[in-house]
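This report concerns only the one structure given below.
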Protein chains: 2
Amino acid sequence: MLAVQQPTVAPDPLSVPSNAPEHCPVSLNSQLEIFGPTNRAELQGTESELAGKSDACNGCANQEICASSTPKGPDPALPLIRARMATVKHKILVLSGKGGVGKSTFTAQLGWAFAADEQLQTGVMDVDICGPSIPTIFGVAAEQVHSSSSGWSPIYVQDNLAVMSVGFMLSSSRDAVMWRGPKKNGLIAQFLKDVDWGDLDYLVVDTPPGTSDEHLSVVQYLKESGIDGAVLVTTPQEVALQDVRREIDFCRKVGIRVLGLVENMSGFVCPGCKTESQIFRPTTGGAASLAKETGVQLLGKVPLDPRIGKSADYGISFLDEYPDSPASQAYLDIISSKCFI
Amino acid sequence: MLAVQQPTVAPDPLSVPSNAPEHCPVSLNSQLEIFGPTNRAELQGTESELAGKSDACNGCANQEICASSTPKGPDPALPLIRARMATVKHKILVLSGKGGVGKSTFTAQLGWAFAADEQLQTGVMDVDICGPSIPTIFGVAAEQVHSSSSGWSPIYVQDNLAVMSVGFMLSSSRDAVMWRGPKKNGLIAQFLKDVDWGDLDYLVVDTPPGTSDEHLSVVQYLKESGIDGAVLVTTPQEVALQDVRREIDFCRKVGIRVLGLVENMSGFVCPGCKTESQIFRPTTGGAASLAKETGVQLLGKVPLDPRIGKSADYGISFLDEYPDSPASQAYLDIISSKCFI
């Protein structure tokens, strides 16, 4: 029933200019590339010399733009972002691939740990536009953003810890943010150019799962200003690790340094009998094996402690509340590793 | 430091036509709407009479399209999708809001449970383009799609269970799929119009976390053919429930019936002493409380069994392998509820 297809071609993210129209043939073209050269003569993509001129383009609303050889020029937001980011010393991305592995929770611990040093100014930017959890995790879900002559003010969790999220902009936390990519990208650009972050030692960017609009846009917008690197968060399961492999590939392709791997939910110690259970079993060796296989540093393993999730729901700092938990120690060991200094 | 802003306006997903160009002022406009009427005279959006004609549009590559009053017409994929879907009796979406709550795992159990009846033909479509886990969960990750005169053939897990995922199209499982929304939407359209599903009793669609391109596109493409409804999957934590509230809002706004809620990872029974621990604590009452609050039916609660994750990693059916597990019973109770019949 199954036949081996022709050698596949990995999709090239750079084949779509950021301002490609939504219905441009490049979308279908690049997808068809997966299946080999079928119809390539018809579907040329926006960067081809035949863009806007082939038969397949007839009737497309964007035919004229594609046919025009006028260069589209750089994104006008870039110089504004560069200017705003000039006062931010370090920029760290938190990525995961898979959702629900504790990425936002790790982001929050990192933010709180940096901010424990009163000399440091830290910002946390939540670019998970459709599922913003940073306001809840930091206990500031009821706050709202206001704007002034110097830009949009972030929400201050404490004097030296500012956060920004679309969650602060919704009239109700029940409202779905049903935005397609271009709108999400526009808001991310605004977060970077219009938010009055002030002088920051660290800007930690929490991302949604995947390797799509939000990730490409953050990298595109921040790359000129310099990104220190990305922390990849995972659980021990193979289905999470395979998404981390894709995330490592993403970092390599866009030229972002991988600072290291964090394995969350590594084991659960029963409060009744102290038996340790591997709830999310490392069927293929977990993050340690992935680190060995890819050469990426394993920063640490954080055991599963139900109080971590509880702290996130209540918006309190797990590190401050449960300093004696082995999970707190694991977080602190990870955060004090030299890649963050 | 904080000031209460003017009353906010929830973003309206319908304000962006599906073929709005990527850099069209509507993106910024809709974002600015959140902050009130500032600059609205300048930024009109593609549906305004002033679209393409205001000062803010000067120099925009898409000015001519926006200024034109020519109707853009319906998506040409729609009649093809309608024709292909004519042989599919029931279409069910699996949504979650938050990632990592067991959405793909539930999708797989649903697929396997339907397919246990030899008289039923079931299809599973994975529209998680950047993090496809369905091939691994069904144990068919090494397969590749081929095309014939009748379309792309899905991968058959067994004679009456077919699956389709972008995972089958990648040359390596390590390849990141770095696609922005428009490319993802194009592939989803192709899955619906070009895949030779044949006669199906059920098509179960597994979605990525969120309420963005993939979700809007699936609904847009399938709505005319009829969608039976959506199952919402969650864990007991508040940070997961708040994303489910947004997902309920999404369903309401796009006119999709919510079939019910499934609470995964509801409790963990220690194999050593049988003590039950709430790993993901229901700090605000869990899915039961959410069901009460929203009027959505709670279909059931599935306890946390580490063998579920292990089965997913090994690509085997948990229901077949561990029929005596309380989690299997919970899944079967949910799946046999009348909303799926």
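For the reader, a short list of remarks on this structure follows.
- The residues of region A:162-175 include none that are facing chain B (nearest Cβ under 7 Å) and over 30 Å from B:V254 (Cβ atoms).
- Pairs are defined by a Cβ separation below 7 Å, a sequence spacing of at least 6 or placement on different chains, a first member in region A:241-254 that is in contact (Cβ under 8 Å) with a residue 40 or more places away in the chain, and a second member that is among the charged types (D, E, K, R); the pairs so defined are A:D243/A:K98; A:R245/B:R174; A:R246/B:R174; A:R246/B:D175.
- A search for C-beta distances below 6 Å between a residue of region B:293-308 that is without any contact (Cβ under 8 Å) to a residue 60 or more places away in the chain and basic (K, R) and any residue that is open to solvent by 20 Å² or more (accessible area, probe 1.4 Å) and not in a helix (DSSP H, G or I), counting only pairs 6+ apart in sequence or on different chains, returns B:R307/B:Y322.
- Members of region B:230-244 that are in contact with a Phe, Trp or Tyr (Cβ under 8 Å, 6 or more places away or on another chain) and open to solvent by less than 10 Å² (accessible area, probe 1.4 Å): B:V231, B:V233, B:T235, B:P236, B:A240
- Yes/no for A:A141 being part of a loop (DSSP other than H, G, I, E, B), in contact with a helix residue (DSSP H, G or I) (Cβ under 6 Å, 6 or more places away or on another chain) and surrounded by fewer than 24 Cβ atoms within 10 Å (Cβ to Cβ): yes
- Residue match in region A:295-307 (condition: of a type in the set (D, E) and over 21 Å from B:L170 (Cβ atoms)): yes
- Scope region A:315-341; condition open to solvent by less than 80 Å² (accessible area, probe 1.4 Å), aliphatic (A, V, I, L, M) and out of contact with any strand residue (DSSP E or B) (no Cβ under 6 Å at 6 or more places or on another chain); matching residues: A:I316, A:L319, A:A327, A:L332, A:I335
- Unmet criterion (only one of (1) more than 8 Å from every other protein chain (Cβ to nearest Cβ); (2) outside any loop (DSSP other than H, G, I, E, B)) for B:K184: (1)
- B:G186 vs. criteria at pLDDT 95 or above and open to solvent by 20 Å² or more (accessible area, probe 1.4 Å): no
- For region A:245-288, the candidate set comprises residues that are open to solvent by 20 Å² or more (accessible area, probe 1.4 Å) and more than 10 Å from chain B (Cβ to nearest Cβ); within that set, the residue that is farthest from A:P303 (Cα to Cα) is A:G255.
- Filtering region A:153-177 to residues that are touching an Asp or Glu at 6+ places or on another chain (Cβ under 7 Å) and charged (D, E, K, R) leaves A:R174, A:D175.
- Among (1) surrounded by fewer than 18 Cβ atoms within 10 Å (Cβ to Cβ); (2) without any contact (Cβ under 8 Å) to a residue 60 or more places away in the chain, the one test that A:G226 misses: (2)
- B:G210 touching an Asp or Glu at 6+ places or on another chain (Cβ under 9 Å), surrounded by fewer than 23 Cβ atoms within 10 Å (Cβ to Cβ) and on the phi > 0 side of the Ramachandran plot: no
- Residue match in region B:302-314 (condition: over 20 Å from A:G267 (Cα atoms), at pLDDT 95 or above, open to solvent by less than 50 Å² (accessible area, probe 1.4 Å) and of a type outside the set (V, I, T)): no
- Those residues of region A:120-150 which are without any contact (Cβ under 8 Å) to a residue 60 or more places away in the chain and over 21 Å from the mean Cα position of the chain (by Cα), in sequence order: A:A142, A:E143, A:Q144, A:V145, A:H146, A:S147, A:S148, A:S149, A:S150
- Hey, A:G73 within 11 Å of chain B (Cβ to nearest Cβ), open to solvent by 20 Å² or more (accessible area, probe 1.4 Å), over 14 Å from the mean Cα position of the chain (by Cα) and not hydrophobic (A, V, I, L, M, F, W, C) or not: yes
Conditions tested, residue by residue: (1) modelled with pLDDT of 95 or more; (2) closer than 22 Å to B:V244 by Cα; (3) facing another protein chain (nearest Cβ under 9 Å).
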residue	(1), (2), (3)
A:V101	yes, yes, yes
A:T105	yes, yes, yes
A:W112	yes, no, no
A:Q121	yes, no, no
A:T136	yes, yes, yes
A:V145	no, no, yes
A:P154	yes, no, no
A:N160	yes, no, no
A:V177	yes, yes, yes
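- Entry remark, region A:280-323: residues being under 23 Å from the mean Cα position of the chain (by Cα), within 17 Å of A:G111 (Cα to Cα) and among the charged types (D, E, K, R) number 1 in total.
- Of all residues making up region B:169-197, the number that are closer than 16 Å to B:P76 by Cβ and of a type outside the set (A, V, I, L, M, F, W, C): 6
- Residues that are assigned to a helix (DSSP H, G or I) and within 20 Å of B:T136 (Cβ to Cβ) within region B:275-315 comprise B:P306, B:R307, B:I308, B:G309, B:K310, B:S311, B:A312, B:D313, B:Y314, listed in sequence order.
The values are calculated or read from the model by the stated rules, or taken from the named source; none is laboratory data. Small disclaimer: the values here were computed from a predicted structure and weren't measured. Ideal geometry is used to build each Cβ from the backbone, glycine not excepted, and the neighbour counts take in all protein chains shown. The protein model used for the area step is the full one, side chains on, heavy atoms only, and it has no ligands, DNA or RNA in it. Shrake-Rupley method; radii C 1.70, N 1.55, O 1.52, S 1.80 Å.
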